[in-house]
Amino acid sequence: MALLTVEDLKMYYPVRGGVFRRTRAVCKAVDGVGFSLEPGETLGLVGESGCGKSTVAKSVVRLLKPTSGRIVFEGNDITRSGPAELRGFRREMQMVFQDPAESLNPRHTIGQILEEPFVIQKIGTRGERSEWAAELLRRVGLPVDALGRYPFEFSGGQRQRIGIARALALKPRLIVCDEPVSALDVSVQAQVLNLLLELQQQDRLAYLFIAHDLSVVQHMSDRVAVMYLGKIVEIATATELYRNPRHAYTKALLESIPQVDLSRKRERKLLKGDVPSPINPPAGCAFGHRMRHPKWQESVAMDLRLQEVSPGHWVQPCPCCTT
Amino acid sequence: MNEPLLEIRDLRVGFQTDHGLLVAVDDVDLTLERGKMLGLVGESGCGKSVTARAIMRLLEQPSGQVLGGEVRLEGRDLLPLPLEAMRKVRGKEIAMIFQEPMTALNPVHRVGRQIVENLLLHEDLTPAAALKRAVELMEWVGIPAPDQRIHDYPHQLSGGMRQRVMIAMALSCNPKILIADEPTTALDVTVQAQILDLIKRLQNETGMAVILITHDLAVVAETCDELAVMYAGRLVERGPVESIFQSPLHPYTKGLMDCLPKLDHPPKTMLPIIPGMVPSLRDMPRGCRFAARCPNAHDDSVLSERQPWRECSGGHGVEACACFASTL
Ligand SMILES: Nc1ncnc2c1ncn2[C@@H]1O[C@H](COP(=O)(O)OP(=O)(O)OP(=O)(O)O)[C@@H](O)[C@H]1O
Ligand SMILES: Nc1ncnc2c1ncn2[C@@H]1O[C@H](COP(=O)(O)OP(=O)(O)OP(=O)(O)O)[C@@H](O)[C@H]1O
Ligand SMILES: [Mg+2]
Ligand SMILES: [Mg+2]
């Protein structure tokens, strides 16, 4: 049985628009996303800034209540679960956030932050909790004397490790990692990635792994999903996706990976066209629309649900972007 | 006129904490020439952001203090300037993009208002003109539907869009120097390429110089002219980008280059790491701070003695620890 199944997930935010801020519009941040995740598996999730990755992440751990769709975790439909029911699931699924400043309470010491999950779940004595907090710090490679200090006393990367330590506290089965290593330098990044891989091997942890660094995603993931403007446009095993991308946006992403190659200061091919808005998204294939592809018009009337082009490799079947 | 645009000498910055004074930046020298881009890299916590904040005189108050050194902008030391004069330098002459946009944007104000207030502070504009300019700026940095987005609160924007708002604010007054603290960390690679291109373009148009703090060595290789590498509060290596990438001298710099995940590395296997941890700020050795993790370290004498700086050819310099100095 899949650990997590997400079906046709939609998350629309209400927004104010217009000069008089009266007209209400909706921001279709996530507009029909589906995937599944097996125990011990890593699904990488990549895509343009603002395409809805964090919204998917927060919906999966139910920090958000989706507009529609279904989220099934360990066989339980949690799409509409209330706070009491969710508390039980929180032991099993955790989230590491993109911006640690957003998620660490500035008025709590690191010790308090790391003990909090145990306090909420009412486990352990005070002594045990502080021992566990120290152990968590050690696991993410921070000195134990950090326990008495406050988040602002740490660098961005150190704060991110604290966020990871907290997510590990309750030994979850799924960790949703929203850019867990974006704030880390390469040497610490390598340590954290190795740590995540080790934990996965030991405990059969599953990860939904969001990152912008495509070489990191490739390194960590079994499968990778590419999102564009609220939708998944391509999903395949990591090896297949990197070797044989089928969607034009996936190709653009892969071509933009910065390279340490001093023989050529690269004249980069920049993506053109206006970055699309999830408020009033275009009909049909959004990337084709952006690229003003001559065949975009054809995609408007089409069923753009993903199609399997080779075993396990799914892609949006639009005439403009898919080869 | 031959003086560099920005010259930092012997900068020392500390924090007063419950455990006494912690020195986070220790004797750092940096030089930034007009129109150039200087990359600043180093292990998380090594003092990159603190250095940047010290230049801007925006250290955490009251704990953060500049303990010594100079920060000369076109020859004028900024450190002793009265606050009022410093406020004019900020934004207009040196602008900064902060690492965590959530800490720099005010969560209770709409982003449009924040851009407008910043414009009104530095430029002679009517509020209506400033609003119009704010929308243009947001469009310019690639925020879709800017006339709607200016009414959003920061938490309603995606991470990448917040960062672009920060960039719009920083560039709004055409500064001479832009200090960008991990400006593209939160962005996907296609937008990253666009933003770096935007910064480069502005640089070409206005001669702006840039200090780019990043941990992405590939970005450094693609965009920077010079590179400075910090470790545990100290500058350990500095020089032209080509020179450092082709022949890194300091063992830490070498280690960094090895840690890069490469697209041809077998997936889901352990990456090379630099074993161990940075020494705690409370317990810094006087000498080489990398010794405990250094593959060449042969004896402990390098810990107690401050290791000398060595200038090699072509503007490439390094903290020449005894463990490798003989090979230079
Ligand atoms: N609370 C909110 N209210 C209104 N709109 C929102 C809210 N949160 C997110 N959005 C919008 O939803 C869209 C998707 O945002 P999300 O944060 O999921 O993107 P993302 O893919 O994580 O981007 P990034 O890579 O930049 O972090 C964006 O257009 C964003 O502005
Ligand atoms: N307000 C503060 N009080 C005490 N210590 C601080 C404070 N701000 C920073 N420090 C310490 O100063 C050191 C340097 O921090 P800084 O934020 O400059 O690191 P950095 O190089 O920018 O790291 P990163 O790549 O993770 O952003 C860190 O060890 C940090 O713990
Ligand atoms: Mg996000
Ligand atoms: Mg920093």
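The values are calculated or read from the model by the stated rules, or taken from the named source; none is laboratory data. Worth saying up front: this structure is predicted, and the values here are computed from it rather than measured. Cβ: placed from backbone, ideal geometry, glycine included. Neighbour counts: every protein chain shown. SASA here: full protein model, heavy atoms, side chains in, ligands and nucleic acids out. Shrake-Rupley method; radii C 1.70, N 1.55, O 1.52, S 1.80 Å.
Brief remarks follow.
- Fluctuation leader among A:GLU115, A:GLU298, A:GLU179 - chain A, Gaussian network, Cα springs under 10 angstrom: A:GLU298
- Each label point was placed 7 Å from the Cα along the Cα-to-Cβ direction; for A:LYS171 and B:GLN65 their separation is 4.8 nm.
- Helix-derived mean residue ellipticity, 222 nm - over chain B, DSSP H n ≥ 4, -39500 (n - 2.57), to 500: -9500 deg cm²/dmol
- Residues of the stretch A:57-100 that lose at least 20 Å² of accessible area (1.4 Å probe, protein heavy atoms only) when the other protein chains are present, relative to their chain alone, are A:GLN98, A:ASP99.
- Reciprocal of mean inverse Cα separation for chain A (Kirkwood radius, Å): 21.1 Å
- Euclidean distance between Cα centres, the stretch A:34-65 to the stretch B:244-320, Å: 37 Å
- A simple charge model with +1 on the Cβ of Lys and Arg, -1 on the Cβ of Asp and Glu and nothing else charged puts the dipole of the stretch A:222-323 at about 420 debye relative to its Cα centre.
- Top positive-direction residue, dipole computed over chain A with Cβ charges, set A:MET1, A:PHE118, A:PRO151: A:PRO151
- The trypsin sites (Lys or Arg not before Pro) found in the stretch A:78-107 that occupy coil by DSSP, while having at most 10 further C-beta atoms within 10 Å, are A:ARG107.
- Check: the protein assembly as shown dipole with +1 on Lys, Arg Cβ and -1 on Asp, Glu Cβ, in debye: 1740 debye
- Choice from A:ARG166, A:ARG138, A:ARG24 showing the highest fluctuation, given a GNM over chain A with Cα pairs closer than 10 Å: A:ARG24
- Considering only chain A, percent of DSSP beta bridges that pair antiparallel, nearest 5: 65 percent
- Taking the DSSP bridge list for chain B and keeping only pairs wholly inside it, about 60 percent are antiparallel.
- Selected from A:ALA238, A:SER299, A:PRO276, residue furthest toward positive end of dipole (the stretch A:222-323; charges at beta carbon): A:PRO276
- For chain B, built as a Gaussian network whose Cα springs stay under 10 Å, the top-fluctuating residue of B:LEU271, B:LEU105, B:LEU256: B:LEU271
- Per residue, the convex hull spanned by the alpha carbons of the protein assembly as shown comes to 163 Å³.
- Here the accessible area of chain B is 52 percent carbon and sulfur, with a 1.4 angstrom probe and all protein chains present.
- Here chain B is treated with +1 on each Lys and Arg Cβ and -1 on each Asp and Glu Cβ, and its dipole about the Cα centre works out to around 500 debye.
- Residue-normalised accessible area of the stretch A:222-323, expressed per residue, 1.4 Å probe, Å²: 51 Å²
- Report summary: the helix-based calculation at 222 nm, which adds -39500 (n - 2.57) for every DSSP H run with n ≥ 4 and divides by the residues of chain A, gives -9500 deg cm²/dmol.
- Interface residues in the stretch B:212-227 - accessible area drops by 30 Å² or more relative to the isolated chain, probe 1.4 Å: B:HIS215, B:ALA218, B:ALA221, B:GLU222
- Interface B-A: total buried accessible area of about 5800 Å², 1.4 Å probe, protein heavy atoms only.
- The residue among B:LEU67, B:PRO82, B:ILE97 whose Cα reaches farthest toward the positive pole of the charge dipole of the stretch B:58-106, with charges on the beta-carbon of Lys, Arg, Asp and Glu, is B:PRO82.
- Apportionment of accessible area to carbon and sulfur, the stretch A:222-323, percent (1.4 Å): 50 percent
- Cα gyration tensor, the stretch B:177-238 - rounded (a/c under 1.5), prolate or oblate: oblate
- The alpha carbon convex hull volume per residue for chain B rounds to 160 Å³.
- Label-to-label distance, nm, for residues given as A:GLU92 and B:ARG87 (7 Å Cα→Cβ offset): 5.6 nm
- The residues of chain B present an accessible area of 40 Å² per residue when probed at 1.4 Å with all protein chains retained.
- Considering only beta bridges that DSSP places wholly inside the protein assembly as shown, some 60 percent are antiparallel.
- Cα gyration tensor shape for the stretch B:244-328, rounded if a/c is under 1.5, else prolate or oblate: oblate
- Taking all pairs of distinct alpha-carbon atoms in the stretch A:171-323, Kirkwood radius in angstrom: 17.3 Å
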